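A.B. asks: Questions regarding the structure given below will be posed in turn.
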Amino acid sequence: MRCYKNKKVLITGNTGFKGNWLTLALHNMGAQVVGYADIPPKSKAILGKKWIEKNIKQYYNKVENHSYLKKVILNEKPDIVFHLAAQPLVLKSYEFPKETFLTNALGTLNLLELMRTYNKNIPIIIITTDKVYSNKRIKKYKEADRLSGNCPYSTSKVCAEEISKAYSNLGMKIITARAGNIIGGGDWADNRIIPDIVKAINNNKKPVIRNPDFTRPWLYVLDAINGYLLIGKKLLKIKKKKYYDTYNLAPINSNSKNVLFLVEKFCNKFKNISFIIEKNDNKYKENKILNLCSKKIQIKLNWKTKVTFEEAIDKTSLFYKIKSKEKLLQNSIKEINSYFNYKGTNSKNIRV
């Protein structure tokens, strides 16, 4: 990924789970990373406050804040933008629907409008979700399939998709990326399966599992990051003033696996861990089956998954067993450089 060396890359949502991995990967590739996030990193995040202050330019505010985001864009003048900032949780969207729409829809609108007025030629990658599809039947959804939300989260992401497409018609270069459920170290969000299991283990409690028969296209975090970077690489090469496309990212040659299978595999990596299956009261609706087709990105961008499901479980469980912040960062840098077969211009900078 030499195309990112010395490029100024704006990442919104860079203190989150995927944002941390993308920030570290781009930093190691020699990019000048500018971060924009609403909150500082969690205490257990891969990239702590000290690392961020030392290695990148960081701004803290909401993407809903048009005036502040404008100052950042005008001051930093990015060469490319990765938009990850979001309210990413389905259950939270039921509790805070307005907040979800403001962040996911208005935040995307703010970013695209500001980039349109600043410089329409700057490539923008908008990260959405597999949950934007009208999930009416059992199939692997393709990029051309109908979009429709059934909860505040999925609907807000459909809005982000439609806004992105509309702005591309105004002469911008935009690609949206729809990934399945992503697993990997560094995720500490509430109401996500693996983080909830780890939190329970750390508190000497039995993990509580809901929806054991729900299926998802589990994807390892660095496979997702690789997809985002390949999409950005494509956009950087495009000379057209107007461009729009979208790509699914999901495991190759593998159907979705259910929650129970994931939980059993993950818990087996810890000693004497059993779990409780919670009875589903159907208070909030979630899609039972999700499955994506990723042939398009395989063919057009030569993307492929490098990490199997079993390897993803191994890597993720090992990550959560590391207690030292410095070792977490060292391990993450080592994994990134191994994954990309890249020594990294900044790979020795491992202070937290």
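The values are calculated or read from the model by the stated rules, or taken from the named source; none is laboratory data. Remember, predicted model here, so these are calculated numbers, not experimental data. Glycine also receives a Cβ, built like all others from the backbone with ideal geometry; neighbour counts cover every protein chain displayed. Calculation scope for accessible area: heavy atoms of the full protein, side chains included, ligands and nucleic acids excluded. Shrake-Rupley method; radii C 1.70, N 1.55, O 1.52, S 1.80 Å.
A.B. asks: Find the relative contact order for the chain and round it to a whole percent, using C-alpha pairs within less than 8 Å whose residues are 6+ positions apart.
C.D. replies: 19
A.B. asks: Rounded to whole Hz and in sequence order, give me ³J(HN,Hα) for the stretch 196-205 from the Karplus expression 6.51 cos²θ - 1.76 cosθ + 1.60, θ = phi - 60°, writing x for Gly and Pro.
C.D. replies: Running phi through 6.51 cos²θ - 1.76 cosθ + 1.60 with θ = phi - 60° gives 5, 5, 5, 4, 5, 4, 5, 9, 6, 10 Hz.
A.B. asks: Can you give the net charge of the other residues whose Cβ lies under 9 Å from the Cβ of LYS142, counting K and R as +1 and D and E as -1?
C.D. replies: +2
A.B. asks: Obtain the nm distance between the two label points defined at ASN6 and ASN121 by a simple spin-label model: each point lies 7 Å from its Cα along the Cα-to-C-beta direction.
C.D. replies: According to this spin-label approximation, the distance is 1.8 nm.
A.B. asks: Also, quick follow-up: Assuming a ≥ b ≥ c are the square roots of the Cα gyration tensor eigenvalues, decide whether the stretch 40-91 counts as rounded (a/c under 1.5), prolate (otherwise, with a/b larger than b/c) or oblate.
C.D. replies: Because a/c hits 1.5 or more and a/b fails to exceed b/c, the stretch 40-91 counts as oblate.
A.B. asks: Across the chain, how large is the tail of the calculated P(r) beyond 37 Å, expressed as a percent of all Cα pairs?
C.D. replies: Summing the P(r) of the chain above 37 Å gives 13 percent of all pairs.
A.B. asks: Where the Cα atoms of the stretch 166-316 are projected onto their three principal axes, how long is each span, largest first, in whole Å?
C.D. replies: Dimensions of the stretch 166-316 along the principal axes of its Cα atoms: 57, 33, 27 Å.
A.B. asks: On the protein heavy atoms, probe 1.4 angstrom, tell me the percent of accessible surface of the stretch 16-118 carried by carbon and sulfur.
C.D. replies: Within the stretch 16-118, the accessible surface is 55 percent carbon and sulfur.
A.B. asks: Taking H placed 1.01 Å from N in the peptide plane, check which residues at least 5 places from GLN58 or on another chain put their amide H under 5 Å from its amide H.
C.D. replies: Amide H to amide H, under 5 Å and 5 or more residues apart or across chains, GLN58 pairs with GLY35.
A.B. asks: Here is a follow-up. What's the extension gain from ASN268 to GLU311 if we count 0.36 nm per residue and subtract their Cα-Cα distance?
C.D. replies: Full extension from ASN268 to GLU311 adds 14.1 nm.
A.B. asks: Calculate for the chain the 222 nm mean residue ellipticity that helices alone would give, adding -39,500 (n - 2.57) per DSSP H run of length 4 or more and normalising by residue count, nearest 500 deg cm²/dmol.
C.D. replies: Counting only the DSSP helices, I get -12000 deg cm²/dmol.
A.B. asks: Compute the distance in nm between two label points, each set 7 Å from the Cα along the Cα-to-Cβ direction, one at LYS242 and one at PHE96.
C.D. replies: 3.8
A.B. asks: Then there is this: Excluding ASN211 itself, calculate the net charge of residues whose Cβ lies under 9 Å from the Cβ of ASN211, where each Lys or Arg counts +1 and each Asp or Glu counts -1.
C.D. replies: Result for the local shell: -1.
A.B. asks: Also, quick follow-up: Among residues other than ASN291 whose Cβ falls under 9 Å from its Cβ, what is the net charge (Lys/Arg +1, Asp/Glu -1)?
C.D. replies: Every neighbour counted, the sum reads +2.
A.B. asks: Roughly what would the spin-label model give for ASN337 and LEU74, points 7 Å off Cα along C-beta, in nm?
C.D. replies: 4.1
A.B. asks: To the nearest 0.05, how large is the calculated FRET efficiency for ASN203 and LYS285 if R₀ is 30 Å and r is the Cβ-Cβ distance?
C.D. replies: 0.55
A.B. asks: Using +1 at the C-beta of Lys and Arg and -1 at the C-beta of Asp and Glu, which of TYR141, VAL63, ASN248 has the Cα lying farthest in the positive direction of the dipole of the chain?
C.D. replies: Positive-most Cα among the choices belongs to ASN248.
A.B. asks: Roughly how far apart, in whole Å, are the Cα centres of the stretch 60-100 and the stretch 247-324?
C.D. replies: 26
A.B. asks: ³J(HN,Hα) across the stretch 229-235 via Karplus (A = 6.51, B = -1.76, C = 1.60, θ = phi - 60°), whole Hz, x for Gly/Pro?
C.D. replies: My calculation for the stretch 229-235 gives 5, 5, 5, x, 4, 4, 5 Hz in order.
A.B. asks: Let me ask something additional. Arranged from highest to lowest average of other beta-carbon atoms within 10 Å per residue, in what order do the peptides 158-166, 21-29 appear? Display every interim value, and only then the final one.
C.D. replies: On the way: 158-166: 19.8, 21-29: 26.6.
Sorting 158-166, 21-29 by mean packing, highest first, produces 21-29, 158-166.
A.B. asks: Further question: Ranked from highest to lowest mean number of other Cβ atoms within 10 Å per residue, what is the order of the peptides 8-18, 269-279?
C.D. replies: On the way: 8-18: 25.1, 269-279: 11.5.
Most protected by this proxy first, the peptides run 8-18, 269-279.
A.B. asks: Now for a separate question. Starting from the amide H of ILE277, placed 1.01 Å from N in the peptide plane, find each other amide H under 5 Å away whose residue is 5 or more places distant or on another chain.
C.D. replies: When sequence neighbours closer than 5 places are left aside, the close amide H contacts are ILE209.
A.B. asks: What are the ³J(HN,Hα) values, in whole Hz, obtained from phi via the Karplus relation 6.51 cos²θ - 1.76 cosθ + 1.60 with θ = phi - 60°, for each residue of the stretch 209-225 in sequence order, with x given for Gly and Pro?
C.D. replies: Working through the residues one at a time gives 10, 10, 6, x, 9, 6, 10, 9, x, 5, 10, 6, 4, 6, 5, 5, 4 Hz.
A.B. asks: At 4 °C and 1.567 mPa s, grab the translational diffusion coefficient of the stretch 10-80 from Stokes-Einstein with a Kirkwood Rh over Cα pairs, rounded to a whole number in µm² per second.
C.D. replies: D, rounded to a whole number, is 106 µm²/s.
A.B. asks: Next question, about the same structure. From the mean inverse distance of alpha carbon pairs (Kirkwood) and the Cα radius of gyration, derive Rg over Rh for the stretch 262-337.
C.D. replies: Result for the stretch 262-337 is an Rg/Rh of 1.07.
A.B. asks: Which of the three applies to the stretch 210-258, rounded, prolate or oblate, going by the alpha-carbon gyration tensor with a ≥ b ≥ c and a/c under 1.5 meaning rounded?
C.D. replies: prolate
A.B. asks: What number comes out for accessible area per residue over the chain if the probe is 1.4 Å? Units Å², please.
C.D. replies: So the chain comes to 46 Å² accessible per residue, rounded to a whole number.
A.B. asks: Separate question: If you count only protein heavy atoms and use a 1.4 Å probe, how large is the accessible surface of TYR243, to the nearest 10 Å²?
C.D. replies: Taking all protein chains as shown, TYR243 has close to 40 Å².
A.B. asks: I've got another one for you. How do the peptides 223-234, 319-330, 183-194, 114-125 rank, highest first, by the average count of neighbouring beta carbon atoms within 10 Å per residue? Each step should come with its number before you reach the end.
C.D. replies: Working: 223-234: 22.8, 319-330: 15.6, 183-194: 19.9, 114-125: 18.3.
Per-residue mean Cβ counts within 10 Å order the peptides as 223-234, 183-194, 114-125, 319-330.
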